[in-house]
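Asks: Supplied in structure tokens, the structure appears directly below.
The values are calculated or read from the model by the stated rules, or taken from the named source; none is laboratory data. Every value quoted in this text rests on a predicted model; they were computed, and no experiment measured them. Here the Cβ positions follow ideal geometry from the backbone for every residue, glycine too, while neighbour counts run over all protein chains shown. Heavy atoms of the whole protein, side chains included, go into the accessibility calculation; ligands, DNA and RNA do not. Shrake-Rupley method; radii C 1.70, N 1.55, O 1.52, S 1.80 Å.
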Amino acid sequence: MADNLKQKTISGVVWISIHKFANIFLDFISGIVLARLLTPHDYGVVGMLVIFLALARTFIDGGFGSALIQKKQPTSEDYSTILYWNLGLSVTLYAILYACAPFVARFYDLDLLCDVLRVQGLVLIINAVRIVQRNQLRKRLEFKKIAYVNVTANAIALVVTIYLAWKKWGVWALVVQQLLVSVITTSLYWITAKWYPSLVFSVKSFKELFSFGGFILLSNLFNTLCNNIQGLLIGKIYKSSTLGYYSKASSTESYASTFISNVLSQISYPVMSEVQNDKTRMISILKRFIGASAYMTFPMLLLLMLLAKPIFVLLYSDKWLTSVPYFQILCFAGIATCLQNINYFAVAAVGKSKAILKWTIVKRVTGLVLTIAGLWAFGIYGMLVGGVLTSWIIYLVNAGLVSKYVGYTGIQQFRDLLPIILASSVAFLGAYLLGQLLPISGNPMALIQLLAFIAIYLVISIGFKMESFFSTKDMVSVLLKKVLQTLRK
């Protein structure tokens, strides 16, 4: 049993990694091309609607996806019930969004938003039809199929979007991209999952799943609202182009801070759910996942902060330089963000959804106060700093819940992370001082700082025999071998 779970875990990590790397490559191409064809205003228009669509999507999933994964043996009746619930709710929410679109446009004082919201809102109904199939594949750890579906959809949508942006479709190119991704992924999930619903809606199944998923729903709603509140405030108070600059900074930072943790979280949640009654194994799994996530993400974010300006010019062109200071501040938040999900899913895996909801309210209300107070006192930069403090509060609360319900204490977690923090900080300081001392500038200096940072970090890791370095190296080595073997098949 343990060996089978280990093999599924390794396979899952391999395919999630292939999936994520492929999507990062597509996003990289998208960032280079679309950022030159479109304007900050175009991205800002789409960004204004993110909070409305995100809240609606959260309602539709309703935490039932997590409930289906957390439940040991969900039945076909469970799956059918949730599918019909999602479909009915998505149609209702789309009707509400359609009716409210003129008011949203008036709120932002931008008439275009009415039509954009009504068209873009169709993704709610399309996505609702695929949630069950996707979670079935996650439950069975069939991440290979998930990778094929998502990479295929994103690649096709990107090609079409680039063409439309080149033909001057502006914001509508981004809307079409989201619609295409939804249509293609939904179609492919139905084909690959090979499951079709029966004509049954079980009130008993609904109540049973909602007893866990309902608390996850409320928790996710608070998280979604607070994660998107900054965009809402910027879009209301500032120009659409300012929101565009913020959106580009936020999305770029998000790729860096969540890439590794998302790979590990997607596989760690179903794996920890399988061993939820064995706390010793859970702690061992959690420790390795947290160490690997921090070892790779901490230095990456510090390096991106250091080289933010040349990176943005290289990827997006000079017209996006206003995003750079936003991006650098958000990277401080990203250091905490990379650890939030793994701790969160560890608590969810042991079924403590009520505790998750209670503490989500506490940490998110605190975050809202910090964000709004920062905006009121210091403008957009104060708001961003409030967001940084919020991210760290969320991480500390999640780590405290893990300490209480899993047994991996905050002190143990900090002790395991301290060598990574120190090594990353020393590498950052060394690379920064080189930039101040050497009479070189531009891309040559950026390359020197990049190489110096990596060299210092690796020398410290090897010289002080950091446990996280060797465990991450072994994990990456196994992963690369498996990826190569997989790609050769």
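Asks: Need at least 3 residues that are of a type in the set (D, E, K, R) per element, so show me which helices (runs of 4 or more DSSP H) inside segment 120-191 make the cut, counting only ones lying wholly within it.
Replies: Values: elements: 122-128, 131-139, 143-166.
Of the helices (runs of 4 or more DSSP H) lying wholly inside segment 120-191, those with at least 3 residues that are of a type in the set (D, E, K, R) span 131-139.
Asks: Which of the residues that make up segment 377-398 are hydrophobic (A, V, I, L, M, F, W, C) and under 12 Å from residue 234 (Cα atoms)?
Replies: Taking segment 377-398 first, the residues hydrophobic (A, V, I, L, M, F, W, C) are 377-378, 380, 383-385, 388-389, 392-394, 396-397.
Matches in segment 377-398: 380, 383, 384.
Asks: Can you name every residue in segment 191-202 that is open to solvent by 50 Å² or more (accessible area, probe 1.4 Å) and farther than 15 Å from residue 84 by Cα? Write out each step before concluding.
Replies: Looking only at segment 191-202, we keep the residues that are open to solvent by 50 Å² or more (accessible area, probe 1.4 Å), and these are 191, 194, 196, 199, 201.
Correct list: 191, 194.
Asks: Separate question: If the requirement is being open to solvent by 10 Å² or more (accessible area, probe 1.4 Å) and of a type in the set (Gly, Ala, Ser), which of these qualifies: 273, 317?
Replies: Working: 273 fails: open to solvent by 10 Å² or more (accessible area, probe 1.4 Å).
Going through 273, 317 in turn, just one is open to solvent by 10 Å² or more (accessible area, probe 1.4 Å) and of a type in the set (Gly, Ala, Ser): 317.
Asks: With respect to residue 354, is the statement that it is of a type in the set (D, E, K, R), out of contact with any Lys or Arg (no Cβ under 8 Å at 6 or more places or on another chain), in a helix (DSSP H, G or I) and open to solvent by 20 Å² or more (accessible area, probe 1.4 Å) true?
Replies: Numbers: of a type in the set (D, E, K, R): yes; out of contact with any Lys or Arg (no Cβ under 8 Å at 6 or more places or on another chain): yes; in a helix (DSSP H, G or I): yes; open to solvent by 20 Å² or more (accessible area, probe 1.4 Å): yes.
Here the answer is yes, as residue 354 does meet what is asked.
Asks: Any residue in segment 451-476 that is charged (D, E, K, R) sitting within a Cβ distance under 8 Å of a residue that is open to solvent by less than 80 Å² (accessible area, probe 1.4 Å)? List the pairs, counting only those 6 or more apart or interchain.
Replies: Listed by first residue and then by second, the contacts come to 467/291; 467/416; 467/419.
Asks: Follow-up. Taking residue 148 and the conditions (1) modelled with pLDDT under 90; (2) crowded, with 17+ Cβ neighbours inside 10 Å; (3) under 20 Å from the mean Cα position of the chain (by Cα), which numbered condition does it fall short on, given that it satisfies the others?
Replies: The failed condition is (2).
Asks: Can you list residue pairs whose Cβ atoms sit under 8 Å apart, with the first residue in segment 298-317 being under 13 Å from residue 252 (Cβ atoms) and the second being polar (S, T, N, Q) and open to solvent by less than 10 Å² (accessible area, probe 1.4 Å)? Count only pairs 6 or more apart in sequence or on different chains.
Replies: Hits for this filter: 301/257; 312/323; 316/323.
Asks: Taking helices (runs of 4 or more DSSP H) that fall entirely within segment 25-115, which contain at least 2 residues that are at pLDDT below 75? Please lay out each step first, then the result.
Replies: Values: elements: 40-61, 64-70, 76-108.
Hits in segment 25-115: 40-61, 64-70.
Asks: Further, regarding this structure: Being open to solvent by 20 Å² or more (accessible area, probe 1.4 Å), among the hydrophobic types (A, V, I, L, M, F, W, C), under 18 Å from the mean Cα position of the chain (by Cα) and within 30 Å of residue 210 (Cα to Cα) is the filter here, so list the residues in segment 320-351 that pass it.
Replies: Residue satisfying the conditions is 345 alone.
Asks: Based on this model, can you work out whether residue 442 counts as open to solvent by 30 Å² or more (accessible area, probe 1.4 Å) and either under 30 Å from residue 359 (Cα atoms) or under 26 Å from the mean Cα position of the chain (by Cα) (or both)?
Replies: Numbers: open to solvent by 30 Å² or more (accessible area, probe 1.4 Å): yes; either under 30 Å from residue 359 (Cα atoms) or under 26 Å from the mean Cα position of the chain (by Cα) (or both): no.
No, not satisfied.
Asks: Return a yes/no flag: does segment 169-185 have any residue that is touching a Gly at 6+ places or on another chain (Cβ under 7 Å) and either crowded, with 17+ Cβ neighbours inside 10 Å or of a type in the set (D, E, K, R) (or both).
Replies: Taking segment 169-185 as the starting set, the residues that turn out to be touching a Gly at 6+ places or on another chain (Cβ under 7 Å) are none.
The answer is no, given that none of the residues of segment 169-185 is touching a Gly at 6+ places or on another chain (Cβ under 7 Å) and either crowded, with 17+ Cβ neighbours inside 10 Å or of a type in the set (D, E, K, R) (or both).
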